[in-house]
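**Student:** Once you've had a glance at the structure underneath, I'll fire off some questions.
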Amino acid sequence: MRRIILGMTVVLALGVVASLGAAADKAPQHRIAIQVDQNDPQVMELALNNAQNVIEYYHGKGEDVQVEVVAYGPGLNMLRADTSPVKDRIRRMKEFSVPSNLTFSACNNTKTAMEKREGYAITIIPEASLVPSGVVRLMQLEEEGWSYVRP
C-alpha cells in the first residue's frame, strides 16, 4: 500500500512539474512586424517611434519582445546607405537594443530593381539584412503569428 501511495505521489509531482513547464512555455510572445513602403522621412520616423515604444513598453514590464521593420518599394530608401534619412537613428537603436529583439529587413527584389534602374550597386546599411521579398517576409511573419503595423 505504501508503494502505491509513494508511486502515486511521484506521478502527481511529475504531473505538476510538467504542467508548470507547459505554463512557462505558453508565456505571451510579443512580436510585431512594421512595414515601411514609402520614401517619406516622416513615415520612417513614425515606424522607428513605433518600434522604440513597443520595445520600451515590454522592457518596462520585464517581458521579451521582437520587432522587425520590413522595408520594400520606395520604403527601401530607409535602409539604403546612400539615401537613408534615418540611418544614424537606426544605428543608435541597434546599439542599445538586445541584438535579437530589433531587426531590419530590406527587400532584395526592390534593391535589384533600383540597381537596374539607377545603373549601380546599392549598399544596404549594416544594421539591415536582405530578404528575398519584403512582401513575402511580411506574409511569413503574419503566418507565424506576428502582429502587423503599417504606419
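**Student:** Output the residue which, of all residues in the range 37-59 that are acidic (D, E) and under 19 Å from V135 (Cβ atoms), is farthest from the chain's Cα centre (by Cα).
**Tutor:** Restricting attention to the range 37-59, the residues satisfying the condition of being acidic (D, E) are 37, 40, 45, 56.
Now drop any that are not under 19 Å from V135 (Cβ atoms), which leaves 37, 40.
Numbers: D37: 16, D40: 21 Å.
Once the filter is applied, the top-ranked residue is D40.
**Student:** Could you tell me how many of the residues in the range 65-82 are more than 14 Å from A128 (Cα to Cα) and in contact with a helix residue (DSSP H, G or I) (Cβ under 7 Å, 6 or more places away or on another chain)?
**Tutor:** Qualifying residue count for the region: 3.
**Student:** Something else now. Could you grab the pairs with beta carbons closer than 6 Å, sequence gap of 6+ or different chains, first residue in the range 80-109 and without any contact (Cβ under 8 Å) to a residue 24 or more places away in the chain and at positive phi, second one surrounded by 12 or more Cβ atoms within 10 Å (Cβ to Cβ) and part of a loop (DSSP other than H, G, I, E, B)?
**Tutor:** Correct list of pairs: empty, since none qualify.
**Student:** Scan the range 111-120 and give yes if some residue there is β-branched (V, I, T) and crowded, with 16+ Cβ neighbours inside 10 Å, otherwise no.
**Tutor:** Step one: list which residues in the range 111-120 are β-branched (V, I, T), which gives 112.
When the remaining residues are screened for being crowded, with 16+ Cβ neighbours inside 10 Å, the result is none.
Scanning the range 111-120 turns up no residue that is β-branched (V, I, T) and crowded, with 16+ Cβ neighbours inside 10 Å.
**Student:** Hey, could you check the range 109-134 for residues that are outside any helix (DSSP H, G or I) and touching a Leu at 6+ places or on another chain (Cβ under 6 Å) and say which is nearest to V54 (Cα to Cα)?
**Tutor:** First pass over the range 109-134, keeping only residues outside any helix (DSSP H, G or I): 119-133.
Those still in the list that are touching a Leu at 6+ places or on another chain (Cβ under 6 Å) too: 124-125, 128.
Numbers: I124: 25, I125: 23, A128: 19 Å.
Applying the filter and picking the extreme gives A128.
**Student:** In the range 135-145, is there at least one residue being at pLDDT below 95, within 20 Å of I32 (Cα to Cα) and under 15 Å from the mean Cα position of the chain (by Cα)? Outline the logic, then answer.
**Tutor:** If we filter the range 135-145 for residues that are at pLDDT below 95, which is where we start, we get none.
Looking for residues that are at pLDDT below 95, within 20 Å of I32 (Cα to Cα) and under 15 Å from the mean Cα position of the chain (by Cα), one finds none in the range 135-145, hence no.
**Student:** Among T110, T103, T83, which is among the hydroxyl-bearing types (S, T, Y) and within 13 Å of the chain's Cα centre (by Cα)?
**Tutor:** Details: T110 fails: within 13 Å of the chain's Cα centre (by Cα); T83 fails: within 13 Å of the chain's Cα centre (by Cα).
Among T110, T103, T83, only T103 is among the hydroxyl-bearing types (S, T, Y) and within 13 Å of the chain's Cα centre (by Cα).
**Student:** Next question, about the same structure. V11 passes all but one of (1) modelled with pLDDT under 95; (2) within 29 Å of E143 (Cβ to Cβ); (3) over 17 Å from the mean Cα position of the chain (by Cα); which number fails?
**Tutor:** Of (1) modelled with pLDDT under 95; (2) within 29 Å of E143 (Cβ to Cβ); (3) over 17 Å from the mean Cα position of the chain (by Cα), only one is false for V11: (2).
The values are calculated or read from the model by the stated rules, or taken from the named source; none is laboratory data. What you are looking at is a predicted structure, and each value in this text was computed from that prediction instead of being measured. Glycine also receives a Cβ, built like all others from the backbone with ideal geometry; neighbour counts cover every protein chain displayed.
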